[in-house]
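The values are calculated or read from the model by the stated rules, or taken from the named source; none is laboratory data. Only a predicted model underlies this, so the values are computations on that prediction, with no experimental measurement involved. As a convention, Cβ positions derive from the backbone with ideal geometry for all residues, glycine included, and neighbour counts pool all protein chains shown. Surface accessibility is based on the protein's heavy atoms, side chains included, excluding ligands, DNA and RNA. Shrake-Rupley method; radii C 1.70, N 1.55, O 1.52, S 1.80 Å.
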Amino acid sequence: RRAFLEMLFPSSRLKGMNTAQLAAEVGAMVGRDLSESPPILMKQLRAVARHDHSARLSELGGIPTLVISAEKDPIARVSHGRTLA
């Protein structure tokens, strides 16, 4: 549950919070207990990890694009946004 919460919230936000209550609330929103990992979850994570079309980015040249990254996003890191931009 904690690991799932850490993907969603910065550690500074989790400090001092009732993480058990938060996990229950988030679990209700996603429709499962956060300690459960449905089989599709690992497949999705592997697919995301393997997905790399960076060699094709030049095909998008000339298309105005805005790249947004969040400083405390543990998944879509600012360094990744800079590389993409």
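Probe radius 1.4 Å, ligands and nucleic acids ignored: give me the carbon and sulfur share of the accessible area of the chain as a rounded percent. That fraction is 57 percent.
If you wrap the Cα atoms of the range 13-56 in a convex hull and average its projected area over all directions, you get 4.9 nm². Computed from the Kirkwood radius of its Cα pairs, the Stokes-Einstein diffusion coefficient for the chain at 4 °C and 1.567 mPa s stands at 84 µm²/s. Counting only alpha carbon atoms, the long axis of helix 39-50 and the longest principal axis of the chain meet at about 30°.
Axis angle, to the nearest 10 degrees, between helix 19-30 and the longest C-alpha principal axis of the chain: 60 degrees.
Here r is the Cβ-Cβ distance between A47 and K72 and R0 is 22 Å; the resulting FRET efficiency, rounded to 0.05, is 0.35.
Report note on the peptides 49-57, 9-17: ranked by the mean count of other C-beta atoms within 10 Å, highest first, their order is 9-17, 49-57. Comparing mean-square fluctuations of E36, E59, E71 from a GNM of the chain with C-alpha springs under 10 Å, the top value falls on E59.
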